[in-house]
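One structure below.
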Amino acid sequence: MSIAVIGAGKWGQALQFALSRNFTCKITSRQQKSIENFVNLEEALTCQYLIFALPAQVVRGWLETHFSFSGQKILVAAKGIEQGSGAFLNEIFANFVPEDHLSFLSGPSFASEVIQGLPTALVINSTNDILAKEFASFFPSFIKTYTSKDVIGAEVCGAYKNVLAIASGICDGLRLGNNARASLIARGLVEMRRFGKYFGAQDETFLGLSGAGDLFLTASSTLSRNYRVGLFLAEGKKLEDILIALGEVAEGVFTSAAIFELSLKHTIYTPIAHEIALILKGKEPRISVKDLLAD
Ligand SMILES: NC(=O)C1=CN([C@@H]2O[C@H](COP(=O)(O)OP(=O)(O)OC[C@H]3O[C@@H](n4cnc5c(N)ncnc54)[C@H](OP(=O)(O)O)[C@@H]3O)[C@@H](O)[C@H]2O)C=CC1
Ligand SMILES: O=C(CO)COP(=O)(O)O
C-alpha cells in the first residue's frame, strides 16, 4: 500500500502525521521541506492513494498542470468552492478522475490539534462506499471515522462554515455578545442547509459532524483562520493586510464570493453569506449587522 499527501501546508502535515501512525505516508509540496518522508512530486504521484490538501482555489490549475489519472484513489481534504466558476471540488475533480475513485474528507479538524494527536471524529464521503471505508480504515485510533454518500452535502458544509466563521469573528470583534453569536450560528446553519438542499444535499448531513460539528468548531475559536479574518475585519483592518499577516489560506474569503454568485444565479436566499461578500468588498461591518437585523 502506498499513500501520499499532496500539499505540505498546515492540514497536509497534520494528515501525514495522523496517517503515519499505521503506514509510511509520503508528502510533497511546491517547496522542499524538512519533513520525514518528504518526496518529490513525481514520486508522490506514483502512489496508489493520494490525499489532496491544497487550497480549493488552486486545485483546478494544479490538476491541469500536474495530474494524469492512472488508477489512483483520491481523498480530497480541501474545503471551498471555486471563485469565478462557482464549481464544487467534486465537479472539478470529475474532469480528471472517475467518480468511483473520489472521496472527500469533512468534519471538525483543526490541523493544530490533529498534529498533537488530540481526538476528533471525521467523515469520508464518497458515492463509492467501498472506497470511503478503505480510506476510513487508514486513520489512527485517535480519529473516529464515519462514512457517507452525501458528497455534495459534505462539500457545502465544509465550504459554507468558513464563511460563517468569518461572520462569527466579525460578530465577536464588534463585541455584539454571546446571544448574537449563537443567533448568527443558528441562522447560519439554516442558511447553509437551504443552500445545500438546492444542490441536492441531504438533511442529516447538516446536523452531523460535517455540518453542525465543523460549523460550531470553526465559528467559535480563534484557532480558525476564517474566524480570525472576521475579528480583524471588525477592527477595521484591510483584507489585503489581514491575509498577508495570516500567511495561510482562509477559504471563506473566496467561497463567500462563490456563494454570492451562485445564490444570485439560482435565486437562493443567503443573507449572511451575502453580507460577508459585501464586507470583504469594503462594506462597513456595523451596517451589515443593521441590515441583517432588519432583513
Ligand atoms: N488547517 C486546517 O486546520 C484545515 C484545513 N483544511 C483545508 O485544507 C486546505 C489546505 O489548507 P492548509 O493546509 O491549512 O493551508 P496552508 O495555507 O497551510 O497550506 C497550503 C498548501 O497548499 C500549497 N499551495 C498553495 N498554493 C499552491 C499552488 N498554487 N500550487 C501548488 N500548491 C500550492 C502550499 O504549498 P507550499 O507548502 O509549497 O507553499 C501549502 O502546502 C484548505 O482548503 C483548508 O480549508 C481542512 C481542514 C482543516
Ligand atoms: O476547517 C477547519 C477545521 O475543521 C479549519 O478552519 P480554518 O481554515 O478556519 O482554520
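The values are calculated or read from the model by the stated rules, or taken from the named source; none is laboratory data. Note that this is a predicted model, so its numbers are computed, not measured. Positions of Cβ are generated from backbone atoms using ideal geometry, with glycine treated the same way; all protein chains shown enter the neighbour counts. Keep in mind that these areas ignore ligands, DNA and RNA; they rest on the heavy atoms of the full protein, side chains included. Shrake-Rupley method; radii C 1.70, N 1.55, O 1.52, S 1.80 Å.
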Using just the Cα positions, wrap region 152-294 in a convex hull and report its mean projected area in square nanometres, one decimal place. 7.6 nm²
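Too long at a 20 Å Cα-Cα cut-off: which of Lys238/Lys283; Lys10/Lys133; Lys79/Lys161; Lys79/Lys149; Lys237/Lys281? The partial results should precede the final answer.
Details: Lys238/Lys283 11 Å; Lys10/Lys133 25 Å; Lys79/Lys161 9 Å; Lys79/Lys149 17 Å; Lys237/Lys281 13 Å.
The answer is Lys10/Lys133.
Within the chain, what percent of beta bridges assigned by DSSP are antiparallel, to the nearest 5?
Of the beta bridges lying entirely in the chain, close to 15 percent run antiparallel.
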If I model a spin label at Arg286 and Ser70 as a point 7 Å from the Cα along the Cα→Cβ vector, what separation in nanometres do I get? 6.1 nm
Computed E for Leu264/Leu118 - FRET, C-beta separation, R0 35 angstrom, nearest 0.05: 0.30
Sorted from largest down, what three extents in whole angstroms do the Cα atoms of the chain have along their principal axes? 56, 38, 36
For region 217-294, place one equal point scatterer on every Cα, skip the solvent, and apply the Debye formula. What is log10 of I(q)/I(0) at q = 0.19, 0.21 Å⁻¹? -0.85, -1.01
Take the chain, connect every pair of alpha-carbon atoms lying under 10 Å apart with a spring to form a Gaussian network, then pick out the residue of Pro108, Pro119, Pro271 with the largest mean-square fluctuation. Pro119
How long are the three semi-axes of the equivalent ellipsoid for region 125-234, computed from the Cα gyration tensor as the root of 5 times each eigenvalue, in whole Å, largest first? 28, 16, 10
Helical segments meeting 18 Å axial Cα length and Kyte-Doolittle -0.5 threshold in the chain (DSSP H): 151-173, 178-198, 252-266
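Probe radius 1.4 Å, ligands and nucleic acids ignored: give me the carbon and sulfur share of the accessible area of the chain as a rounded percent. Please list the in-between numbers first.
Working: 6800 of 12970 Å².
Carbon and sulfur: 52 percent of the exposed surface of the chain.
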Computed lengthening from Glu204 to Lys33, 0.36 nm per intervening residue step minus Cα-Cα distance: 57.5 nm
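Quick one: accessible area per residue over region 149-209, 1.4 Å probe, rounded to a whole number of Å²?
Values: 2420 Å² over 61 residues.
Computed with neighbouring chains in place, this is 40 Å² per residue.
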Between Leu231, Leu63, Leu45, find the one with the highest GNM mean-square fluctuation for the chain; connect C-alpha pairs within less than 10 Å. Leu63
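Consider all pairwise Cα distances in region 1-156 and report the whole-number % of them above 26 Å. Let's see the in-between values first.
Values: 2105 of 12090 pairs.
Cα-Cα pairs in region 1-156 separated by more than 26 Å: 17 percent.
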Exposure of Tyr49 as accessible area (Å², to 10), given a probe of 1.4 Å and all protein chains: 10 Å²
Quick one: which residues, 5 or more positions from Leu122 or on another chain, have an amide H under 5 Å from its amide H? H modelled 1.01 Å from N in the peptide plane, none for Pro or chain starts. Lys144, Thr145, Tyr146
If amide hydrogens are placed 1.01 Å from N in the peptide plane, which non-local residues have theirs closer than 5 Å to the one on Val76? Phe52, Ser103, Phe104, Leu105
Solvent-accessible surface ranking, highest first, for Phe67, Phe135 at 1.4 angstrom: Phe67, Phe135
For Val249, other-chain or 5+-apart residues with amide H closer than 5 Å (H placed, Pro excluded) are none
Under the Karplus relation with 6.51, -1.76 and 1.60 and θ = phi - 60°, whole-Hz ³J(HN,Hα) for region 92-99, x at Gly and Pro, equal 5, 5, 4, 6, 10, 9, x, 4
Relative packing of peptides 76-89, 178-191, 12-25 - highest average C-beta neighbours within 10 Å first: 76-89, 12-25, 178-191
Which loop-located trypsin sites (Lys or Arg not before Pro) does region 23-76 contain, where loop means any DSSP state but H, G, I, E or B and the Cβ has at most 13 other Cβ atoms within 10 Å? Arg30, Lys33
Using a Gaussian network for the chain with springs between C-alpha atoms less than 10 Å apart, which of these wobbles most: Ser168, Ser148, Ser126? Ser148
